[in-house]
Amino acid sequence: MPTLVHTLTDHSDDVNCCAFSSSCLATCSLDKTIRVYSLNNFTELPYSPLKGHTYAVHCCCFSPSGHVLASCSTDGTTMVWDTGDGRVLAVLEQPSSSPVRVCRFSPESTYLVSGAADGSIVLWNAQSLKLYRSGNVKDGSLVACAFSPDGHFFVTGSSCGDLTIWDDKMRCLQNEKAHDLGVTCCDISSQPVSDGEHGFSYFQMASCGQDNQLKLWFILFADFLGVELKCKCTLNGHSAPVLACAFSYDGQMVVSGSVDKCVIIYETSTGNALHTLSQHTRYVTTCAFAPHSPLLATGSMDKTVNIWQLDPKHPCAGNAVENESKVAVEDWSEDDVSAWLCAQDLADFVGLFKMNNIDGKELLNLTKESLTNELKIESLGLRSKVLQKIDELRTNTMSAPVPIPDEFLCPITRELMKDPVIAADGYSYEKEAIENWISKNRRSSPMTNLPLPSIMLTPNRTLKMAISRWLETHQK
């Protein structure tokens, strides 16, 4: 059962949205403010609250790096903030000046989307913070948005009940009536689902609405089908309109919050309800999983945000460490270290390690002295436990073969490339493998399933040299 570890009570009005980065939690409210907290101990950052909007703030989201935060408001603007010091980087005015209900960054920080009450939607260039494209949904207010993990398309949801799929040029690819009384939220899992038999990749999407339902969908791109949106199942656990939904980082769980004041966590593979949380006293308006730690945040019209800790040993709490074990420990990122800490039952140290920028190389170099003097871990028992786990990691690292970097493997064969070439989709493949793929009348990308604009292949000499150097170092 998830454990309630903290309750934030700083907002003076309804909480509308919450969002995680790898080190922070942001919340926004009808009280016109955005508040930002450290995941280390849930203390508010010195520059918080962020004040700039003149009316209610409906949505907030971090850029993938976590260095930038966006927020949008009834005042018709989307504001972009520096998360290092809280500076305003830009105030983006919706061309129609309509209240902005939702904002989202694309996975590669290429775009920022803002959607408004009049149905207008704007793609902003996330680097220049200038308008790139704009459009409109056919009916209703735009209230929900989610990007695919590859950034090639995004989905919007409207108050008339439609889900619309757009490409990154703002072309409408498909429109589907999803919820009879209106969509309230949607999310796309960051983990695609592969269909080995047909060579396709599905994207998992969740949507919820005023019809009391949470729906799970598959989105498929294929040459002969175009875009296919298929409902996998409908989850009817709530007794009132469902206002929020979100996937866990590994895609194995989906959470929803409702007017019935309940939060339900489901297993996506089966649709089974795992947990029901009923601590909020008014409508649950927002929910979000942390990307690399077993945390869940839920916000409500009761003006509070609850922080829940999931059991890291739960089979659905994330398999990040299993996945990261394919990467050499010395090459682990700070987030990989955080995932390892959670798997070792050391989740309490995630904030401390992040604050000290402990990556894989730093982790392997930690000693009793550095744990005491630099990280200030006073408890002898805790220091001993951390050192024991690190020693086990060093032993496993020395005995384990060095894995081949993923970027050196052909996406089609999953074997080390000998003659890498770049295809028109921007990805590199083993020359023979991609030629065989194209020769079988597959004029689509093996990675995105989108049409290949050209069948021209360009030798990737830089990658070939990098593979040769790696072989010289590790395959003696």
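The values are calculated or read from the model by the stated rules, or taken from the named source; none is laboratory data. In this text, all values refer to a predicted model and were calculated from it rather than measured experimentally. FYI the Cβ positions are ideal-geometry reconstructions off the backbone, even for glycines, and counts take in every protein chain you see. Quick note on the areas: whole protein, heavy atoms, side chains included, nothing else; ligands and nucleic acids left out. Shrake-Rupley method; radii C 1.70, N 1.55, O 1.52, S 1.80 Å.
Determine how large the accessible area of R394 is when every protein chain is in place; take a 1.4 Å probe and give Å² rounded to the nearest 10.
60
Explain nothing, just the number: dipole magnitude of segment 329-398 about its Cα centre with +1 on each Lys and Arg Cβ and -1 on each Asp and Glu Cβ, in debye rounded to the nearest 20.
Result for segment 329-398 is approximately 280 debye, rounded to the nearest 20.
Using the crude model of +1 on Lys and Arg Cβ and -1 on Asp and Glu Cβ, and no other charge, please compute the dipole size for the chain relative to its Cα centre, in debye to 20.
Roughly 400 debye for the chain.
Report the accessible area of D139, computed with a 1.4 Å probe over the heavy atoms of all protein chains in place, in Å² rounded to the nearest 10.
80
So if R0 is 22 Å, what FRET efficiency would R87 and D13 give, r being the distance between their Cβ atoms, rounded to the nearest 0.05?
E between R87 and D13, to the nearest 0.05, is 0.30.
Check cross-link reach from K138 to the aspartates and glutamates: straight Cα distance under 13 Å, and skip same-chain residues fewer than eight apart.
K138 reaches D118, D162, E176.
Using the heavy atoms of the protein chains alone and a 1.4 angstrom probe, what is the accessible area of segment 329-398 per residue in square angstrom?
Heavy-atom accessible area per residue stands at 54 Å².
For K169, give me every one of the aspartates and glutamates with a C-alpha distance below 17 angstrom, ignoring sequence neighbours fewer than eight places off in its own chain.
E108, D150, D425
Using alpha carbons only, how many angstrom separate the centre of segment 134-193 from the centre of segment 201-217?
One Cα centre to the other: 11 Å.
Separation between the S134 and E374 pseudo-spin-labels, each 7 Å from Cα along Cα→Cβ, expressed in nm?
Those two pseudo-labels are separated by 5.1 nm.
Considering only C-alpha atoms, what is the centroid distance from segment 82-124 to segment 243-309, in Å?
Between the Cα centre of segment 82-124 and that of segment 243-309, the gap is 25 Å.
Whole Å is fine, so just give me how far the alpha carbon centre of segment 357-398 lies from that of segment 417-476.
Here the two parts' Cα centres lie 40 Å apart.
Take each of the peptides 240-248, 367-375, average the number of other beta-carbon atoms within 10 Å over its residues, and list them starting from the highest.
Per-residue mean Cβ counts within 10 Å order the peptides as 240-248, 367-375.
Round to a whole number: what % of the accessible area of the chain belongs to carbon and sulfur, probe 1.4 Å?
The C+S portion of the solvent-accessible surface of the chain is 49 percent.
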